[in-house]
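Q: Got a structure for you, questions after.
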Amino acid sequence: MKIQIDNITKVYDNGMVALDRVSLGIEEGTFISLLGPSGCGKSTLLNMIAGFVSKTSGQVCVDGREVDCPGGDRGMVFQEYALFPWLSALENIAFGLMLKHVPKAERLEKAKHYLDLVGLSAHASKFPSELSGGMKQRVAIARALANAPSVLLMDEPFGALDAHTRETLQDELLEIWEKDRKTVVFVTHSVSEAVFLSDRVVLMGNNPGHIREIFDVNLPRTGRRETDGFVALERRIHAMMRQVPKVAA
Amino acid sequence: MSDIMQIDAAMIARTASVQKRNSDRLHACLRPLSVFLFFFAWFLATWLNNHVMRMYNPILIPTPLQVLQAGIESWKSGDLIVDIAASMYRVVVGFAVAAIAGVGLGVLLSRSRLSESLLEPVIEMFRPVPSLAFLPLLVLWFGIGETSKVVFIAYATFFPVFTATRLGMRQIDGVLIRAAQSMGASRSDIFRHVELPAASPSILSGLRMGFGMAFFVIVAAEYIAAESGLGFMINNSRTYFDVPRMLLGAIIIGIIGFLINIVLGKLERRVLRWHPNSRGK
């Protein structure tokens, strides 16, 4: 398993149980989505894989090593882009390589390649404040990839974008992903986004956060949105999300 | 039909941009005119007082020409340049000390809780004490030489620099730090490549405020304990009732402050090229 999550429980200081004995194995090269309503702990789980959030009990392993702090092997794309505003688009992408002391010419060369990959070659010297939301997120994706992480973690990356830009970026992300099939963990609350992008959709529930069901998406990658199976699976997941288990309040 | 509409739109856009440009040009002329009008009103008032109707003792408000004359005289005698140099030296050295101490301590206290607990209460204890309150003591300790003025300026300037640095370090968006961590940044990487640049707008505005403050307080220091400098020049002229020279001192300080502000503003915009607020100005 690329990512192995065993019996993870997270209790915050205020006593809120964010995750209750969650276990999940993620195979190398799969695109997996964590889907669920707010408060189901999907972001907490992702942040735990990234090493930003500590666990109360249980174990998270990436590439067989237990996660206890953030690291460059787990690239992250944030909903709020998190680009460094004082660096140009190109310099943002080269940031990880700069930390590794890759010579300047080489890292700019590499950064250009990734900027090109997300279709922004014409905007290399622009600062983030000069870019649209969709462009910013493209730069953020390129930045994460340029650092050659072992897994790519995405925390509602398209949540702040308008519907049209969102679909465009989903298409572009898949196109890039299919080139090297990196392991991706993608957090979203959009059912169609999860079904469109993923090999597997992990549906989570809240109070406390737990895994309700895992759906294997056995649909063709090309033209997936138009297939009957896409609509059917989307409906199934929606139906399941609606029947909230009755828990005594 | 649509062609016509397009032409119309283009014409309207062009007319609007021409109007905008004309109005920009007009306002670019109005600004220096406002300063000119002030000097003209000053000239007119003193001239009327001296030649038409006496309203006050003419010694109290000299004419602009008298001030200019005083300027030329003290320039020729070499006094003026000595006084300017003396004040500038004190400001620059005192400010440099404060800038290093203010940024250094501001960063240190933001990065280490131990130093924060140990040092912040003391610093905050001194903050409400105005620098002028220490001036007589400083003269007692360091004499009326340069040291007392440099220390005085450093003390006065330290607080705005320190506070702005603290604020800048505190307001850093946590997601930027997490982004750097997810690319393998160490603690020192984060400090160098995230925290310092992220805090730089606040630090720079603190430095600008500090420099303004240094300029502000040096005059007061030179009233009390100095044998050169622009403050000394003003106060010394008072003993001789040389009002043109007193006004000259004030005007020189204004001009120097104005020029320095322009240079610092340009510098700041250059360094903060990326900042949305600094573009297009």
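Taken together, the values in this text are just the output of simple stated rules run on the coordinates, not laboratory data. Computed from a prediction, not measured in an experiment: that's the story for all the values here. Neighbour counts are summed over all protein chains in view; Cβ atoms, including those assigned to glycine, are modelled from backbone coordinates with ideal geometry.
Q: Starting from the eigenvalues of the Cα gyration tensor, five times each then square-rooted, give me the equivalent ellipsoid semi-axes of segment A:182-245, largest first, whole Å.
A: Equivalent-ellipsoid dimensions as semi-axes: 21, 14, 8 Å.
Q: Give me the percent of Cα-Cα pairs in segment A:120-249 that sit more than 19 Å apart, rounded to a whole number. Present the calculation step by step, with values, prior to reporting the outcome.
A: On the way: 4730 of 8385 pairs.
The calculated P(r) of segment A:120-249 puts 56 percent of pairs beyond 19 Å.
Q: Let me ask something additional. Most fluctuating residue of A:Leu203, A:Leu169, A:Leu87 in a GNM of chain A with Cα springs under 10 Å: which is it?
A: A:Leu87
Q: Something else about it: Please give the net charge around B:Ile190, taking every other residue with its beta carbon less than 13 angstrom from that of B:Ile190, where Lys and Arg add +1 and Asp and Glu add -1.
A: +1
Q: Here's something else I'd like to know. Normalise the Cα radius of gyration of segment A:147-198 by 2.2 N^0.38 Å (N = residues in it) and let me know the number. Mind showing how you got there, number by number?
A: Values: Rg = 10.9 Å, N = 52, 2.2 N^0.38 = 9.9 Å.
Segment A:147-198 yields a ratio of 1.10.
Q: Amide H to amide H, which residues 5 or more places from A:Lys2 or on other chains are under 5 Å from it, using H placed in the peptide plane?
A: A:Ile26, A:Glu27, A:Glu28
Q: Can you list the lysines whose alpha carbon sits under 22 Å from that of A:Lys55, skipping same-chain ones fewer than 8 residues off?
A: Cα-Cα hits under 22 Å: A:Lys2, A:Lys10, A:Lys42.
Q: For segment A:97-173, with only Lys/Arg (+1) and Asp/Glu (-1) charged at the beta-carbon, what is the dipole magnitude about the Cα centre, in debye rounded to 20?
A: Details: 10 positive and 10 negative charges, 93 e Å.
Its charge dipole is roughly 440 debye.
Q: List, in order, the whole-Hz ³J(HN,Hα) value for each residue of segment A:140-149 obtained from phi through the Karplus relation with A = 6.51, B = -1.76, C = 1.60 and θ = phi - 60°; use x for Gly and Pro.
A: Working through the residues one at a time gives 5, 5, 4, 5, 5, 6, 4, 7, 6, x Hz.
Q: Could you work out the longest stretch of chain B that avoids the chymotrypsin sites (Phe, Trp or Tyr not before Pro) located in DSSP loops with at most 15 other Cβ atoms within 10 Å?
A: My reading of the result: B:57-239 is the longest stretch.
Q: Mind running the shape call on chain B? Use the C-alpha gyration tensor, a ≥ b ≥ c as the square roots of the eigenvalues: rounded below 1.5 for a/c, prolate if a/b tops b/c, oblate otherwise.
A: oblate
Q: Right, next: Given N residues in the protein assembly as shown, what is its alpha carbon radius of gyration divided by 2.2 N^0.38 Å?
A: 1.37
Q: I'd like the projected area of segment A:41-83, averaged over all directions, using the convex hull of its alpha carbons. Report it in nm² with one decimal.
A: For segment A:41-83, averaging the hull's shadow over all directions gives 3.4 nm².
Q: Sticking with this structure for a sec: Name the residue farthest towards the positive end of the dipole of chain A from the options A:Val67, A:Ala148, A:Leu108, assuming +1 on Cβ of Lys and Arg, -1 on Cβ of Asp and Glu, about the Cα centre.
A: A:Val67
Q: For a distance above 16 Å, tell me the whole-number percent of Cα pairs in segment A:1-87 that qualify.
A: So the portion of pairs separated by more than 16 Å is 56 percent.
Q: Restricting attention to segment B:51-129, which trypsin sites (Lys or Arg not before Pro) occupy a DSSP loop and are surrounded by at most 13 other Cβ atoms within 10 Å? Spell out each step's value before the answer.
A: Working: sites: B:Arg54, B:Lys76, B:Arg90, B:Arg111, B:Arg113; in loops: B:Arg54.
Qualifying residues, ordered by number: B:Arg54.
Q: Same structure, new question: For peptide B:104-114, how many partner chain Cβ atoms fall within 10 Å of a residue's Cβ, on average? If you can, show how the numbers build up before the last one.
A: Numbers: counts 0, 0, 0, 0, 0, 0, 0, 0, 0, 0, 0.
Partner-chain Cβ atoms within 10 Å, mean over residues of B:104-114: 0.
Q: Just name one of B:Leu44, A:Leu197, A:Leu120: the one whose Cα is farthest towards the positive end of the charge dipole of the protein assembly as shown (beta-carbon charges, Lys/Arg +1, Asp/Glu -1).
A: Of the candidates, B:Leu44 comes out farthest on the positive side.
Q: What translational D, rounded to a whole number of µm²/s, comes out for chain A from Stokes-Einstein when the hydrodynamic radius is the Kirkwood one over Cα pairs, at 25 °C and 0.890 mPa s?
A: Numbers: Rh = 18.8 Å.
After rounding, the answer is 131 µm²/s.
Q: I'd like to compare B:260-267, B:247-254, B:17-24: which one has the highest average count of other Cβ atoms within 10 Å, and what's the full order after that?
A: Result, highest mean Cβ count within 10 Å first: B:247-254, B:260-267, B:17-24.
Q: Search the structure for amide H atoms under 5 Å from the amide H of A:Val53, placed 1.01 Å from N in the peptide plane, and list their residues when 5 or more places away or on another chain.
A: Answer set, sorted by chain and number: A:Met48.
Q: Quick one: divide the alpha-carbon radius of gyration of segment B:227-281 by 2.2 N^0.38 Å and tell me what you get. Can you show the working numbers first?
A: Values: Rg = 17.5 Å, N = 55, 2.2 N^0.38 = 10.1 Å.
Against the compact-globule rule of thumb, the ratio is 1.74.
Q: For A:Lys126, go through the lysines and keep the ones whose alpha-carbon is under 29 Å away, minus same-chain ones fewer than eight residues off.
A: A:Lys100, A:Lys104, A:Lys110, A:Lys112, A:Lys136, A:Lys179, A:Lys182, B:Lys20, B:Lys266, B:Lys281
Q: Check A:Leu19: other-chain or 5+ apart residues with amide H under 5 Å from its amide H, H built from backbone geometry?
A: Amide H neighbours of A:Leu19: A:Lys10, A:Gly209.
Q: What are the ³J(HN,Hα) couplings of segment B:175-187, residue after residue, when phi is run through the Karplus curve with 6.51, -1.76, 1.60 and θ = phi - 60°? Round to Hz, x for glycine and proline.
A: These are the phi-based 3J(HN,Hα) values: 5, 5, 5, 5, 4, 5, 4, 6, 10, x, 6, 7, 4 Hz.
Q: Residue by residue through segment A:94-104, which ³J(HN,Hα) values in whole Hz follow from phi under the Karplus form 6.51 cos²θ - 1.76 cosθ + 1.60 (θ = phi - 60°), with glycine and proline marked x?
A: With coefficients 6.51, -1.76 and 1.60, one gets 7, 4, x, 5, 4, 4, 8, 6, 5, x, 3 Hz.
Q: Taking only DSSP H segments of four or more residues, each worth -39500 (n - 2.57), what value at 222 nm results for the protein assembly as shown once the sum is divided by all its residues, to the nearest 500 deg cm²/dmol?
A: Dividing the helical sum by the residues of the protein assembly as shown leaves -20000 deg cm²/dmol.
Q: Could you tell me which residue out of B:Ile100, B:Gly184, A:Ser88 lies farthest along the dipole of the protein assembly as shown toward its positive end? Charges go on the beta carbon: Lys and Arg +1, Asp and Glu -1, centred on the Cα centre.
A: Checking the options against the dipole of the protein assembly as shown, the answer is B:Ile100.
Q: If the only charges are +1 at each Lys and Arg Cβ and -1 at each Asp and Glu Cβ, what is the size of the charge dipole of segment B:152-281 around the Cα centre, to the nearest 20 debye?
A: Dipole of segment B:152-281, to the nearest 20 debye: 560 debye.
Q: Output the Cα-based Rg and Dmax of segment B:1-135 in Å, rounding Rg to one decimal and Dmax to a whole number.
A: 28.6, 79
Q: Over chain A, with a Gaussian network built from C-alpha contacts below 10 Å, which listed residue (A:Gly72, A:Gly209, A:Gly223) shows the highest mean-square fluctuation?
A: Looking only at A:Gly72, A:Gly209, A:Gly223, the biggest GNM fluctuation is shown by A:Gly223.
Q: Now for a different question. Rg and Dmax of segment B:78-118, using alpha carbons, in Å: what are they?
A: 16.6, 53
Q: Determine the dipole magnitude for the protein assembly as shown: charges of +1 sit on the beta-carbon of Lys and Arg, -1 on that of Asp and Glu, nothing else is charged, the reference point is the Cα centre, and the result goes in debye to the nearest 20.
A: 760 debye
Q: In a shell of Cβ-Cβ distance under 12 Å around A:Ile176, excluding A:Ile176 itself, what net charge do Lys and Arg (+1) and Asp and Glu (-1) give?
A: Here the charged neighbours net out to -2.
Q: For peptide B:168-181, how many partner chain Cβ atoms fall within 10 Å of a residue's Cβ, on average?
A: 5
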